[in-house]
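Down below is the structure, laid out as structure tokens.
The values are calculated or read from the model by the stated rules, or taken from the named source; none is laboratory data. These numbers were taken from a predicted model, which means no experiment stands behind them. Here Cβ is always computed from backbone atoms with ideal geometry, including for glycine, and neighbour counts include all displayed protein chains. Accessible surface areas use protein heavy atoms only, side chains included; no ligands, DNA or RNA. Shrake-Rupley method; radii C 1.70, N 1.55, O 1.52, S 1.80 Å.
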Amino acid sequence: LVRLEPPAPDDIGSCARVYLKEIGSTNCTILEQEDATSKVATIVVRGSSPNIMDDVERAIDDGVHTVKAMTRDARFVAGAGGCELQLADLLQQHAEAQPGLDQYAINKYGLALEVVPRTLAENAGLDAANIVAALYAAHKAGERSAGVNVVDGQVDATTGVLDLLWTKKEALRQATDAAVTVLRVDQIIMSKPAGGPKKGDQPAM
């Protein structure tokens with residue numbers, strides 16, 4: 001409400017039923033809406049510990065924001081580290097064709113993208129070096145959607161994991177901006193603490 005006046009009935013909205021219900025050990029006021037076209041919904045999270053509820057809340061929040069981002073751009077890319085490794089492979093090929101020192105920067109940028117499939121493999125208890133090598137072999141063979149299957153512990157072209165293109169693009173852009181900002185720092189000035197002599201320098205009484 002942006003007007004400094006009593007709200008109209010259309011601004012407040014309506015619901016079919018208002019009642020009090022005990023969920024667990026908490027009394028909750030339920031505003032029930034039977035209209036299927038309602039744009040507001042409440043999700044009640046229950047768990048045996050606060051940590052579990054926090055994890056579920058983060059998962060719900062990620063899902064809601066993914067749907068929200070899909071309204072901007074509904075395109076997806078291969079997940080499970082497949083997109084990052086494909087980019088790493090293409091960037092390293094592009095670096096080989098560049099003259100001068102630029103090829104080293106492009107090559108290192110490509111190698112840095114290996115951290116995603118490598119981290120997935122390490123968190124799943126797999127040999128990261130073998131997994132990354134197998135991913136490179138699969139992508140060279142034309143399986144561009146191949147990723148890390150953490151359940152079976154192998155490289156699989158049909159993991160069924162997808163990442164939103166818009167989210168992936170923004171993550172790469174912000175990571176690149178952060179790296180470029182650090183590289184632009186050419187001088188760091190350290191200031192000494194002000195004041196008199198330190199406690200250890202004072203003569204003993």
From highest to lowest solvent-accessible area (probe 1.4 Å; ligands, DNA and RNA excluded), TYR136, TYR109, TYR104 read TYR104, TYR109, TYR136
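Tell me the per residue accessible area of the chain using a 1.4 Å probe; a whole number in Å² is fine.
On the way: 15830 Å² over 205 residues.
I get 77 Å² per residue for the chain.
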For a quick check of understanding: with a 1.4 angstrom probe and all protein chains in place, what accessible area in square angstrom does GLU170 have, to the nearest ten?
50
Considering only ALA78, THR176, PRO50, whose Cα is most displaced toward the positive end of the charge dipole of the chain, charges sitting on Cβ of Lys, Arg (+1) and Asp, Glu (-1)?
THR176
Of LYS21/LYS68; LYS108/LYS140; LYS39/LYS168; LYS108/LYS168; LYS108/LYS169, which ones are farther than 25 Å apart at the Cα?
LYS21/LYS68; LYS39/LYS168
Under the 7 Å Cα-to-Cβ spin-label approximation, LYS108 and ALA124 lie apart by a distance in nanometres of 3.0
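With a 1.4 Å probe and all protein chains left in place, how much of the accessible area of the chain comes from carbon and sulfur atoms, in whole percent? Write down the numbers at each step before the final one.
Working: 8850 of 15830 Å².
Result for the chain: 56 percent of the exposed heavy-atom area is carbon or sulfur.
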How far is the Cα center of segment 78-98 from the Cα center of segment 102-137, in Å?
10
